[in-house]
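So the structure is just underneath, and the comments pick up after that.
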Amino acid sequence: MTLTRASATPATLLRPLAAAAHWLTSPLVPEDYLGLIDPLWATGELCGRVEAVHTETSDAATLVIRPGRGWIAHRPGQWVRIGVDIDGRRHWRAFSLSSAPGRPDGRVTVTVKAVRGGLVSDYLVRSTAPGAVLRLGPPEGAFVLPEPPPPRLLFVTAGSGITPVMPMVEGLRLDGVNGPDVVLVHSAPAHGEVIFGGRLRSLAARCPRLRLHERHTRSDGRLRPADLARLCPDWTERSVWACGPPAMLDDIAAYWTGPADGLHVERFHPVPTAQGSGGRVRFTRSGREAEADGGTPLLAVGESAGVLMPSGCRMGICYGCVARLRSGQVRDVRTGRVHGDAGEMIQTCVSVAAGPVEIEL
Amino acid sequence: MPATFHLDPVDAEDFGRELDKIREGVLASLGERDAAYIRGLIAVQRKLELTGRALLFASWLPPAWAAGTAALTIAKILENMEIGHNVLHGQWDWMLDPKIHSTTWEWDTASPADQWKHSHNFVHHTWTNVLGKDRDIGYSALRICPEQRWHPIYLAQPFYNALLALFFEYGIAIYDLELERIPSGRKDPKEALAQLRAVAAKIRNQIVKDYVAFPLLAGPAFLPVLLGNLTANMARNVWAHTIIFCGHFPEGAEVFTEDWLENETRGEWYVRQLLGSCNIDGGRLFHIMSGNLSHQIEHHLFPDLPSNRYAEIAPRVRALCERFGLPYASGSLVRQAGSVWKRVLRMALPGPGRPSAAEPPASALKAAA
C-alpha cells in the first residue's frame with residue numbers, strides 16, 4: 001500500500017504537467033524537443049548509446065550500451081531488437097543480451113558475430129564506435145531459466161549461441177555447495193575463436209559445480225548427439241538449454257528422449273523449408289506495389305518498396321509485424337504451409353507470397 | 001507557339017525514358033548524406049523555434065521581439081515547406097524512420113495531414129493543371145485562366161487573393177474539405193463533418209498554443225508574444241501563398257482539358273507536369289526556405305524524390321527540355337510573383353485574356369500532333 005502511494009505521487013504530479021506541455025509542443029510531443037538535447041531522454045522511441053566496443057574474436061564484438069529512459073530490465077537469455085541506420089536506411093535485427101541484468105552502471109551488452117553477408121551484424125561489429133545511438137526494442141524471448149533454477153542443467157551451445165547462455169550461467173550461484181549442477185558443452189571453430197573464451201574458462205576454473213566441455217570443430221569436427229551422451233551421460237534427465245546453428249538444434253531435438261518440457265531451444269533465424277511461387281504484392285493503404293519472389297518475406301518486400309512496415313522480432317515470434325491480408329495466399333517459411341483467407345492477420349516476417357497478394361498496409 | 005505542338009508521341013516517350021533514368025539514378029544514390037540533411041534540418045527548425053519562443057519572453061524589448069518573431073517565422077516556414085510538405089509526399093519514407101514518415105507526420109498548419117495528402121498528393125499531383133480535375137487551378141476561388149468561365153464575383157479576386165495570402169492555411173484547410181462537392185452528391189456530408197472536426201481540432205491546437213498558452217506563460221509580455229506569434233503565422237502564410245502561386249499560376253504555365261488525359265502515356269504525363277509548372281530562380285538558402293518548391297518543375301516530375309536533390313537534377317532536366325524543344329519556365333521571384341498578380345488582375349475581368357484564339361490550348365493540338 002505504502003509502496004503504491006509513494007510511486008503514485010510523482011506520476012500524479014507529472015501527468016497534468018505532461019498534458020500541459022503537449023499544448024505547447026503541438027503537433028509534436030514534448031519529447032521531440034527533449035530528444036534534441038539527448039536522444040536517450042525520449043521514451044516514445046527507445047534509444048541506446050554505445051559506450052564501449054570490446055572485441056571478442058576476429059569477427060565478434062560486445063557492444064556496451066546505455067539504454068535510454070523506458071528500458072525494462074531483461075532476464076538472462078532474452079534478446080533485444082536493435083535498429084541501426086546504415087546508408088540512411090533503418091534496419092532491425094535481433095541480438096541476444098549478453099550481460100547479466102541489473103548491472104549497477106545501468107548498462108547492457110549485446111554480443112554480435114558478423115555473419116557472412118550480414119549487413120547489420122557486420123556494421124555493428126566493424127563500423128560502430130562509442131557514441132553511436134541505436135534504436136532498441138524491449139527485451140523479448142522465452143529462452144529463460146525458471147525461478148528457482150532446476151537442480152541439474154545442461155547447456156549446449158555453438159558459435160554465437162553462447163551469447164544468451166553466458167548471462168544465464170553467470171546468473172547461477174555456482175560457487176556454493178547448494179547451487180545447481182551445470183554442464184556446458186560449447187563448440188567453436190578454434191581456441192582463439194571462442195566468444196567469451198576467457199570469461200568461460202575462468203568461470204569454470206572458479207566454480208566446481210560447472211563442468212565446461214570446449215570443442216573446437218576445426219580439429220574435432222562437429223558435435224553429434226552421440227558425443228553429447230558421452231560427455232554428459234545423464235543428459236536426457238537434465239533440463240537442457242540449447243542455442244546454435246539450426247542443424248545442431250535439429251540433431252538434438254531428434255535425439256531427445258527426455259520429457260518434452262525439458263528441452264529448450266533458441267533459434268536465431270527462421271529456417272525456410274519451402275519456396276513459395278512468389279507474385280505481385282500490393283500494399284493497399286500506401287498504394288505501393290512490388291514483385292516478390294518465393295523466398296523473400298513480405299516484410300522485406302514491403303520495406304524495400306518504401307512501405308513503413310510494422311515489425312518486431314523477424315523470427316515469427318512476437319506478432320509485431322502482423323498485417324491484414326486482403327486477398328491472396330501466403331506461405332509460412334517455417335512450415336511451408338500455404339494459407340490465407342481475406343481478412344486474416346498474417347505475420348509478414350515469416351510469410352512469403354504464394355501468388356499475387358494484397359496487404360492492408 | 002507552345003512547344004508541345006511539335007512533340008510527337010515517340011518524342012514524348014523518349015523524353016519520359018530520359019526522366020525515368022534521372023529518377024532511378026537519384027533513387028539508387030540515396031543514402032547517409034540525404035538522411036543527415038533531413039535530420040539536420042529538422043533539428044535546426046526545432047532549435048530555431050525554441051530560440052524564437054525564448055526570445056519572445058523578453059519581447060518588451062523591441063529588438064528581442066523582432067528577433068524572436070523572425071526566428072519563429074523562419075521556423076514555421078521551414079516546418080511547413082521544406083519539412084512538412086516534403087515528408088508528407090513520402091520523400092523520406094525510404095529511411096524507414098517512423099518519426100519521419102508520410103504515414104505518421106503531422107504538421108503545424110490548419111490542414112490535417114491525411115486530408116491534405118488526399119487533395120494535394122493525389123488529386124493535384126495526378127491531375128496537374130487539368131481543368132475540371134485539378135482543383136488547385138485557382139483553388140476553387142480564383143479565375144486564373146481564360147478557360148474558366150467569368151463570373152462577376154471574380155471582380156473582387158485581387159482583394160480576396162490578398163486576404164487569402166494572409167490566412168492561407170485556413171483557406172487551404174477549407175479548400176481541402178471539398179465542400180462544393182456536397183450539393184451534387186459527390187461528397188458525403190457525414191465525411192465532410194468528420195473532416196471539419198479534424199480541421200477544427202487542429203485550428204484549436206494552434207490557437208491555444210500561439211495565442212493563449214505561450215502569451216500566458218510570458219505573463220507581462222502577453223500582448224507582444226501574442227502579436228509576435230500572429231505575425232509569424234501570417235508571414236508564413238503570405239510566404240507560402242507567394243511560393244505556391246508562383247508554381248503554377250505565372251504566365252507560361254499551361255492548362256489542359258480533360259481530353260489530354262485520354263490514353264495519356266507516362267511520357268505525356270511528364271510533359272504535362274513540365275508544362276504546368278514554373279520554377280523560381282534563387283540561391284541555396286532561398287530554395288530551402290521555399291521548400292524547394294522553387295524547383296516546382298522537378299518536384300512535379302518527381303514528387304517523391306527527396307527535395308534536397310532537386311537542385312542537382314535541375315540542370316539535367318533543363319538540358320533535356322532544350323534537347324526536346326520543350327519550354328522550361330523559370331524566373332526570379334519578383335518576375336514570377338509579378339506575373340501571378342498580373343494574371344489575377346487580368347482574369348478578374350471578363351474576356352479570354354492573353355492566350356487568345358491565336359494560341360489555342362495545348363490539349364486541342366495534341367490530337368493534331
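The values are calculated or read from the model by the stated rules, or taken from the named source; none is laboratory data. Here the structure is a predicted model, which means the values were calculated and not measured. Cβ coordinates were reconstructed from backbone atoms using ideal geometry, including for glycine residues, and neighbour counts include every protein chain displayed. Heavy atoms of the whole protein, side chains included, go into the accessibility calculation; ligands, DNA and RNA do not. Shrake-Rupley method; radii C 1.70, N 1.55, O 1.52, S 1.80 Å.
General remarks:
- For chain B, pairs of C-alpha atoms spaced more than 31 angstrom apart make up 38 percent of the total.
- Solvent-accessible surface (1.4 angstrom probe) belonging to residue B:265, in square angstrom, nearest 10: 50
- Cα shape, segment A:1-147, gyration tensor, a/c 1.5 rule: oblate
- Excluding ligands, DNA and RNA and using a 1.4 Å probe, chains A and B jointly bury around 2400 Å² of accessible surface, summed across both partners.
- Segment A:119-134 and segment A:215-242 have Cα centres spaced 34 Å apart.
- Taking Cα centre as origin and charging only the Cβ of basic (Lys, Arg, +1) and acidic (Asp, Glu, -1) residues, the dipole magnitude of the protein assembly as shown rounds to 1580 debye.
- In this simple spin-label approximation, residue B:259 and residue A:216 carry label points 7 Å from Cα along the Cα→Cβ vector, and these lie 8.5 nm apart.
- A 1.4 Å probe over all protein chains sorts A:191, B:85, A:91 by accessible area into A:191, A:91, B:85, starting with the largest.
- Label point distance in nm, residue A:293-residue A:13, each placed 7 Å from Cα along Cα→Cβ: 6.0
- Oblate is the label for segment B:52-198. Its Cα gyration tensor axes, ordered a ≥ b ≥ c, give a/c of at least 1.5 and b/c at or above a/b.
- Segment B:302-355-segment B:26-42 distance, computed between alpha-carbon centres (Å): 26
- Links that overshoot a 20 Å alpha carbon limit, given the list B:47/B:76; B:117/B:209; B:133/B:187; B:117/B:202; B:76/B:133; B:133/B:190: B:117/B:209; B:76/B:133; B:133/B:190
- Cα gyration tensor shape of chain A, rounded if a/c is under 1.5, else prolate or oblate by comparing a/b with b/c: oblate
- Between residue A:51 and residue A:175, full extension at 0.36 nm per residue minus the direct alpha carbon distance yields a gain of 41.5 nm.
- Candidate residues B:208, B:26: accessible-area rank, largest first, probe 1.4 Å: B:208, B:26
- Between helix B:62-78 and chain B: long-axis angle, C-alpha atoms, 0 to 90°, nearest 10: 40
- For chain B: relative contact order, % (alpha-carbon pairs under 8 angstrom, 6 or more apart): 27
- Ranking B:45, B:92, B:132 by how far each Cα lies toward the positive end of the dipole of segment B:21-148 (charges on Cβ) leaves B:45 at the top.
- The magnitude of the dipole of chain B, with charges of +1 and -1 set on the Cβ of Lys/Arg and Asp/Glu and taken from the Cα centre, is near 1140 debye.
- Against the main long axis of the alpha-carbon atoms of chain B, helix B:157-166 sits at an angle near 50°.
- Segment B:279-300-segment B:233-274 distance, computed between alpha-carbon centres (Å): 14
- Whole-Hz Karplus values for segment B:98-108 come out as x, 7, 10, 9, 4, 8, 10, 6, 10, 10, 8 Hz, taken residue by residue from phi with 6.51 cos²θ - 1.76 cosθ + 1.60 and θ = phi - 60°; glycine and proline positions read x.
- Using heavy atoms of the protein chains and a probe of 1.4 Å, the accessible area assigned to residue A:319 is about 140 Å².
- Between residue B:207 and residue B:114, the simple spin-label model (points 7 angstrom out along Cα→Cβ) gives 2.3 nm.
- FRET E, pair residue A:91, residue A:133, Förster distance 22 Å, beta-carbon r, rounded to 0.05: 0.90
- Accessible surface of residue B:21 - all protein chains present, 1.4 Å probe, nearest 10 Å²: 120
- Near residue B:295: Cβ cut-off under 15 Å, other residues only, Lys/Arg at +1 and Asp/Glu at -1. The net charge is 0.
- Using a Förster distance of 51 Å, the FRET efficiency for residue B:60-residue B:197 (Cβ separation, nearest 0.05): 0.85
- For B:120, A:22, B:101, the ranking by accessible surface with the largest value first comes to A:22, B:120, B:101, using a 1.4 Å probe.
- Rounded FRET efficiency, nearest 0.05, which uses the C-beta distance separating residue A:247 from residue A:341 and R0 of 41 Å: 0.75
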